[in-house]
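One structure is given here, and the rest of the page talks about it.
The values are calculated or read from the model by the stated rules, or taken from the named source; none is laboratory data. The structure presented is a predicted model; accordingly, all values stated were derived computationally and were not measured. Ideal geometry is used to build each Cβ from the backbone, glycine not excepted, and the neighbour counts take in all protein chains shown.
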Amino acid sequence: MWANSKKQGFTIVELLIVVVVIGVLAAIVIVAYNGITASANDSKRVSDLRSLAKVIEIYKVENGGYPRCGATGPNTTPSLSSGTAQACLADELVPDYIGAIPVDPTNSGSYVYRYAAGYRQTGTTSFTGTPASDNYILGVRLDGTTSPTYSGWGFSDLTYLTGS
């Protein structure tokens, strides 16, 4: 009686193989998802800064200079200024030039949009601040990019810069 009956089911080895295969597939999906998310965030950051740069240029054409952090109007004190784009540009650009200042997808720590007025790029990674300079810099830290050391601006964690 016992010799002829077979039990249906999986062996422990078969179950372990299935669990391992599912674990490997899950790991691959998670790594791919993180890479896609980082790439999407970086694309949004670059797009936001390009749009913001266009708005800043329109502001300059209409006002004769770039907006200054913490000041009203272009070319007013403080002549050298820097901070987050949100804090520096909202008073000058919203709502006449843009509905709202864009914010970084992460928007915490060193992942914020930076703006500086009165600074200009003098080399690949060097900047100088001169009160008479009517230039600006927009910067952001991109995911997965090692930051070079920038001198003269005070933000060494930025990996993408644009400006005049």
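Per the listing Val21, Val29, the residue uniquely in a helix (DSSP H, G or I) and modelled with pLDDT of 95 or more is Val21. Restricting attention to the range 81-118, and to residues there that are in contact with a Leu (Cβ under 7 Å, 6 or more places away or on another chain) and at negative phi, which single residue is surrounded by the most Cβ atoms within 10 Å (Cβ to Cβ)? This residue is Tyr115. When Thr76 is tested against the conditions (1) assigned to a helix (DSSP H, G or I); (2) among the β-branched types (Val, Ile, Thr); (3) at pLDDT below 90, the lone failure is (1). Assess whether Glu62 counts as being closer than 30 Å to Pro95 by Cβ, of a type outside the set (Val, Ile, Thr), part of a helix (DSSP H, G or I) and at pLDDT below 95. The answer is yes for Glu62.
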